[in-house]
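See structure below.
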Amino acid sequence: MVVVLAACSGAEGSNARAPAVAKETAGSPPCTATTRLIPSCGAWWGIAPEVFTGAPVEQALHGAESRMGAAADVLHVYHRGSELFPTGAEIRLARDPARPRLLMINWKPSFDHTWAEIAGGALDGRIDRLAVHLRRTFPERFFLTIHHEPENDVDTASGSGMQAADYAAMFRHVVLRLRAEGVKNAVMVMTYMGAPNWAAEPWFEDLYPGDDVVDWVAMDPYADDRVRDFDGLVNKTRREYPDWPGFYRWMQARFPGKPVMVAEWGVFERAEDRSFKRAFFESVRRQVQRYPQIKALLYFDSPQAPRGDTSFDAGTGADRAFTELARDPYFRSTRVPRP
């Protein structure tokens, strides 16, 4: 499952710290992770903890880990604008001597500039300042996605600066600028919404920035009223878009050599079926190994997400089912390295 592709740094032999980890089961061949953070067996288990609660990140993560009765391999955090990352708290969590974690950092560089303006250099000073911060404070490898879920921000009007091709140019510019300024440890993730209606748009393929600046591809699907189980989550289809095969199938065909991340996934509370979350989490355990290209699964845990409650311990039996899922050996086969 470890594929031969250029690393984000341009060389697998970079001086940046990289995972070299062993399988927990004694007597089995060791599972390892490449410098692009691809585990050779199983998948990373991660979480965006207690989102929209106002809890500081350390409190939120420790609270979520306590509630689910398991530790996270990956902590998903969000930054915007001129914020520098990772923060001190995020670094402490990544370097926790008892349980180190990988960081998945989600960055929207600006809400005031168009993608075309960013691609043209409007935020180069901001990018360079971030590069200095990263070089000085965080040599470990980490996941970085830039302006995730761009589909619903696309403006097809001529000259808008927010066309799909402008997004691709912006993503490329930010990555290449960071690399030129010495950031060799960012593993780049391109994150799609995972919704069939956007995938059916004629400009959809124009969003992709290029293999040389994308290490992982990701989707952010949620279990709405159209979804019954994990299979339906990662391969959402709709009758009104008969040519769309589903995101996992599309990613298999479009990116056969890249690992897939489910960078956000959540299950909404269903008032008419309080046991739905439990049943859904049980389906993930049964079905996830059917999707070997998925190498990371990061839950979006929020009691007040925009479209509903995705807390994993709300609903009848959901807490127990989620704990069993989080502890499943498939997600425990590769350990996060100690810094």
(request) First check a/c for segment 298-339, with a ≥ b ≥ c the square roots of the eigenvalues of its C-alpha gyration tensor; if it is under 1.5, answer rounded, and if not, answer prolate when a/b is larger than b/c or oblate otherwise. (result) oblate
(message) Please list, in order along segment 108-119, the HN-Hα scalar couplings obtained from phi with the Karplus expression 6.51 cos²θ - 1.76 cosθ + 1.60 (θ = phi - 60°), rounded to whole Hz, x for Gly and Pro.
(response) 9, x, 6, 9, 10, 10, 6, 4, 5, 5, 5, 4
(request) Under a 10 Å cutoff between Cα atoms, tell me which one of MET261, MET162, MET190 has the largest fluctuation in the Gaussian network model of the chain. (result) MET162
(request) Would you mind checking which residues have amide H under 5 Å from ASP96's amide H? H placed 1.01 Å from N; only 5 or more apart, or other chain. (result) ARG101
(message) On a full-extension model of 0.36 nm per residue, what is the gain between HIS133 and LEU176, subtracting their alpha-carbon distance, rounded to one decimal in nm?
(response) 13.8 nm
(request) Pop the C-beta distance of ARG238 and GLU117 into the FRET formula with R0 = 22 Å and round what comes out to the nearest 0.05. (result) 0.05
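Kirkwood Rh over Cα pairs of segment 44-331 into Stokes-Einstein at 25 °C, 0.890 mPa s: D in µm²/s? Please list the in-between numbers first.
Values: Rh = 19.6 Å.
So the translational diffusion coefficient is about 125 µm²/s.
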(request) Count charges around PRO256 for me, please; just the other residues with Cβ under 15 Å from its Cβ, Lys/Arg as +1, Asp/Glu as -1. (result) +2
(request) Given the options PRO196, PRO292, PRO306, state which has the largest fluctuation in a GNM of the chain using a 10 Å cut-off (strictly under) for Cα springs. (result) PRO306
(request) Would you mind checking segment 225-239 for residues with the amide N under 17 Å from a putative spin-label position 7 Å along Cα→C-beta of GLU272? (result) 225-229
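If we count every other residue with Cβ under 11 angstrom of PHE111's Cβ, Lys/Arg +1 and Asp/Glu -1, where does the sum land? Please list the in-between numbers first.
Numbers: positive: ARG80, LYS108; negative: ASP112, ASP153.
Result for the neighbourhood of PHE111: 0.
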(request) About the Cα centre of the chain, how large is the charge dipole given +1 on each Lys and Arg Cβ and -1 on each Asp and Glu Cβ? Please answer in debye to the nearest 20. (result) 1280
(request) Return the Cα extents of segment 164-218 along principal axes one, two and three, sorted largest first, each rounded to a whole Å. (result) 38, 19, 14
(message) I want to verify a result. In a Gaussian network model of the chain, Cα cutoff 10 Å, which of these has the top mean-square fluctuation: ALA165, ALA296, ALA98?
(response) ALA98
(message) Sequence gap at least 6, Cα distance under 8 Å: using those rules, report the relative contact order of segment 44-331 to the nearest whole percent.
(response) 20
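Please work out how much length the chain gains when fully extended from ARG228 to ALA98, using 0.36 nm per residue of separation minus the C-alpha to C-alpha distance, in nm with one decimal.
Details: separation 130, 0.36 × 130 = 46.80 nm, distance 3.73 nm.
Net length gain for the segment: 43.1 nm.
For each of TYR192, TYR78, count neighbouring Cβ atoms within 10 Å of the residue's Cβ, then give the residues from fewest to most.
TYR78, TYR192
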(request) Would you please give the residues with an amide H less than 5 Å from that of VAL187, counting only those at least 5 places away or on a separate chain, with H modeled from the backbone geometry? (result) PHE142, PHE143, LEU144
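A short reminder: the numbers here are calculations on the coordinates, not readings from a lab. Computed from a predicted structure; not experimentally measured. A quick note on method: Cβ atoms are made from the backbone with ideal geometry, for glycine too, and the neighbour counts reach across all protein chains shown.
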